[in-house]
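Q: Pasting a structure below so you can have a look.
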Amino acid sequence: MKKLLSFFLLVATFASAQAQMPEKFVKAMESKVALIDSTNSAAGFIELANSFERIANAEKNQWLPYYYAALCNVMSGYFSMGDNPMGASADKIDPLADKAKELLDKAEALEKDNSEIYLVRKMVHSLHMMGSPMQRYMTDGPAATSALEMAKKLNPDNPRIYLQEAQDKYHTPEQYGGSKEEAKRLFEKAVKQYEIFKPASSIHPNWGLTQVKFFLSQY
């Protein structure tokens, strides 16, 4: 009975969230949101970020296009670093991190206390830090940790939290606290969270499972 009530509550929440957004806006967003998990280049994410920003400029009362535009700028930064994050160039990274922060601030002005926004804020700090790790670790490191903790506090069931924790463990050298095995356990936990996570609508955040599967395929 409890599961049945939870199911109907979930359906009602989904229907309510979807009904509060214009149909034309939802359709424009759906075609772009679907590309997030299949885009795999810095240039591709910039193109997608620009598409979300154009939608944001037309729908200034909606937080989701600002959120996705910020996310795509961060992802472009991650892809631009390639296989050598420690060799990232601040000249390339900083403009993307700054742009993502600007867009995320606009999303947060419209949607307070949202786990997904705090999660991308964590990613922004991590990206900015990689532009000059030695100089920025003491500022961006704690800021990234604080944002991730807030994301988890607001919604501990968000699977992207465990994806981020796993990626941090995976990419960090062991002498600095990294561990491929701990990362694997976190990737596996993320998979379980994706199995039960239900987005609030067809265009609310639900990305990341493709990344989890990729990393697990490396073991």
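The values are calculated or read from the model by the stated rules, or taken from the named source; none is laboratory data. Here the structure is a predicted model, which is why all the values come from computation and not from measurement. Backbone-built Cβ (ideal geometry, glycine too); neighbour counts: all protein chains shown. SASA here: full protein model, heavy atoms, side chains in, ligands and nucleic acids out. Shrake-Rupley method; radii C 1.70, N 1.55, O 1.52, S 1.80 Å.
Q: About the Cα centre of the chain, what is the dipole size in debye to 20, counting +1 per Lys and Arg Cβ and -1 per Asp and Glu Cβ, all else neutral?
A: Values: 26 positive and 26 negative charges, 116 e Å.
In debye, rounded to 20, the chain gives about 560.
Q: Per DSSP H run of at least 4 residues, take -39500 (n - 2.57); add these up for the chain, divide by its residues and hand me the 222 nm value, nearest 500 deg cm²/dmol. Show your work: numbers first, answer last.
A: Numbers: 10 runs with 163 residues, N = 219.
When only DSSP H runs of four or more count, the value is -25000 deg cm²/dmol.
Q: On a 0 to 90 degree scale, rounded to 10, what angle separates helix 115-130 from the longest Cα axis of the chain?
A: On a 0 to 90 degree scale, this one is about 20.
Q: Then there is this: Counting only heavy atoms of the protein chains, get the accessible area per residue of segment 40-80 (1.4 Å probe) and round it to a whole Å² value.
A: With the other protein chains kept in place, segment 40-80 gives 37 Å² per residue.
Q: May I ask you to list the GluC sites (Glu not before Pro) in segment 71-137 that are in a DSSP loop and have at most 16 other Cβ atoms within 10 Å of their Cβ?
A: Working: sites: GLU102, GLU108, GLU111, GLU116; in loops: GLU111.
Counting only loop positions with at most 16 other Cβ atoms within 10 Å, the GluC sites (Glu not before Pro) in segment 71-137 are GLU111.
Q: Along each of the three principal axes of the Cα atoms of segment 101-219, give the extent in whole Å, ordering the values from largest to smallest.
A: 40, 34, 21
Q: Can you pull the Kirkwood radius for segment 69-118, inverse mean 1/r over Cα pairs, to one decimal in Å? Write out the running numbers ahead of the final one.
A: Working: mean 1/r = 0.0862 Å⁻¹.
Here the Kirkwood hydrodynamic radius works out to 11.6 Å.
Q: What's the extension gain from ARG136 to ARG185 if we count 0.36 nm per residue and subtract their Cα-Cα distance? List each step's numbers first, then the result.
A: Values: separation 49, 0.36 × 49 = 17.64 nm, distance 2.86 nm.
Using 0.36 nm per residue and subtracting the Cα-Cα distance, I get 14.8 nm.
Q: Compute the Kirkwood hydrodynamic radius of segment 135-200, taking the inverse of the mean of 1/r over all pairs of distinct Cα atoms, and give it in Å to one decimal. Numbers along the way, then the final one.
A: Values: mean 1/r = 0.0789 Å⁻¹.
After inverting the pairwise mean of 1/r, the radius is 12.7 Å.
Q: I would also like to ask the following. Which pairs break 26 Å Cα to Cα here: LYS60/LYS192; LYS92/LYS180; LYS101/LYS192; LYS92/LYS213; LYS152/LYS192?
A: Working: LYS60/LYS192 35 Å; LYS92/LYS180 28 Å; LYS101/LYS192 30 Å; LYS92/LYS213 28 Å; LYS152/LYS192 16 Å.
Flagged as over cut-off: LYS60/LYS192; LYS92/LYS180; LYS101/LYS192; LYS92/LYS213.
Q: Then there's this: State the percentage of accessible surface on the chain attributable to carbon and sulfur atoms; use a 1.4 Å probe and exclude ligands, DNA and RNA. It would help to have the intermediate numbers written out before the result.
A: Values: 6670 of 11890 Å².
Looking at the chain in its full context, I get 56 percent from C and S.
Q: Turning to a different aspect of this structure: Taking a ≥ b ≥ c as the square roots of the eigenvalues of the Cα gyration tensor of the chain, is the shape rounded (a/c under 1.5), prolate (a/b larger than b/c) or oblate?
A: Working: a/c = 1.80, a/b = 1.26, b/c = 1.42.
Note, shape of the chain comes out oblate.
Q: Provide the three semi-axes, in whole Å and in decreasing order, of the ellipsoid equivalent to segment 71-165 as defined by the square roots of 5 times the Cα gyration tensor eigenvalues. Spell out each step's value before the answer.
A: Details: eigenvalues 96, 40, 29 Å².
The three semi-axes for segment 71-165 are 22, 14, 12 Å.
Q: Taking the Cα atoms only, what angle lies between the long axis of helix 133-154 and the longest principal axis of the chain, rounded to 10 degrees?
A: Long axis of 133-154 versus the principal axis of the chain: about 30 degrees.
Q: For segment 98-132, which trypsin sites (Lys or Arg not before Pro) are in a loop by DSSP, counting at most 13 other Cβ atoms within 10 Å?
A: On the way: sites: LYS99, LYS101, LYS106, LYS112, ARG121, LYS122; in loops: LYS112.
Sites meeting the loop and neighbour criteria: LYS112.
Q: What accessible area per residue comes out for segment 114-174, rounded to a whole number of Å², with a 1.4 Å probe? Display every interim value, and only then the final one.
A: Numbers: 2720 Å² over 61 residues.
Dividing the accessible area of segment 114-174 by its residue count gives 45 Å².
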